[in-house]
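Colleague: Structure below; questions to follow.
Values quoted throughout were computed directly from the atomic coordinates according to the rules given, and no laboratory measurement underlies them. None of these values were measured; they are calculated from a predicted model. Quick reminder, even Gly has a Cβ in these numbers, built from the backbone with ideal geometry, and neighbours come from all protein chains shown.
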Amino acid sequence: MFEKYKDKGLKVLAFPANNFGNQEPGSNSEIKAFCTGKKVTFDMFAKVSVKGEDQCPLYRYLTKHPDKAIAGDVQWNFQKYLVGRDGTVLAKWGPKTMPDDKAVVEAVEKALAAERPKGG
């Protein structure tokens, strides 16, 4: 999906987390090396905690979001959030929903078609 829509403005932001089944036990440099070997081309951030007492501020905001369709605990790695050009959180999908799912593609295309904010 990223390759298909990046020239239209899609950004994918990946936040590794080791909150589920010890799937990301490595250091940030080990995770980066692994992802580089897998030819990951989207933005990869430092490892964060997506739940618990040490939950990072971004996920604290997302999980406590006023929209009940967006709020709620992160279920597992690869949970997805769609954020519009203006910073509005538009949607959330669970980890089993694939990026090429029809609902995801339609929502991304709609968000990319939205007018860019002034200065953006």
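Colleague: How do the pairs read when you match residues in segment 77-105 that are at positive phi with residues anywhere that are among the β-branched types (Val, Ile, Thr), using Cβ under 6 Å and keeping only pairs 6 or more apart or on different chains?
Modeller: none
Colleague: List, please: which pairs have Cβ atoms under 8 Å, are six or more places apart or on different chains, and start with a residue in segment 58-74 that is of a type in the set (Lys, Arg) and end with one that is assigned to a loop (DSSP other than H, G, I, E, B)?
Modeller: Listed pairs, sorted by first residue: Lys64/Ala71.
Colleague: Please find, within segment 56-112, the residue that is surrounded by the most Cβ atoms within 10 Å (Cβ to Cβ) out of those that are among the hydroxyl-bearing types (Ser, Thr, Tyr) and closer than 20 Å to Lys11 by Cα.
Modeller: The extreme case among them is Tyr59.
Colleague: Moving on to the next point. Within segment 34-57, which residues are within 17 Å of Asn18 (Cβ to Cβ) and out of contact with any strand residue (DSSP E or B) (no Cβ under 7 Å at 6 or more places or on another chain)?
Modeller: Result: Phe34, Ala46, Lys51, Gly52, Glu53, Asp54, Gln55.
Colleague: Looking at Glu24, Glu53, can you tell me which residue is surrounded by 13 or more Cβ atoms within 10 Å (Cβ to Cβ) and among the acidic types (Asp, Glu)?
Modeller: Step by step, each of Glu24, Glu53 is checked, and only Glu24 is surrounded by 13 or more Cβ atoms within 10 Å (Cβ to Cβ) and among the acidic types (Asp, Glu).
Colleague: Also: Can you name every residue in segment 4-17 that is outside any loop (DSSP other than H, G, I, E, B) and over 14 Å from the mean Cα position of the chain (by Cα)?
Modeller: Lys4, Tyr5, Lys6, Asp7, Lys8
Colleague: Under 8 Å between Cβ atoms, at least 6 apart or on separate chains: pull out the pairs that start in segment 1-19 with a residue that is basic (Lys, Arg) and end on any residue that is assigned to a strand (DSSP E or B) and exposed (fewer than 14 other Cβ atoms within 10 Å of the Cβ).
Modeller: So the pair list comes out as Lys11/Asp43.
Colleague: Ile31 - would you say it is over 17 Å from Pro95 (Cβ atoms), surrounded by 11 or more Cβ atoms within 10 Å (Cβ to Cβ), β-branched (Val, Ile, Thr) and touching a Lys or Arg at 6+ places or on another chain (Cβ under 8 Å)?
Modeller: When the stated conditions are applied, Ile31 passes them.
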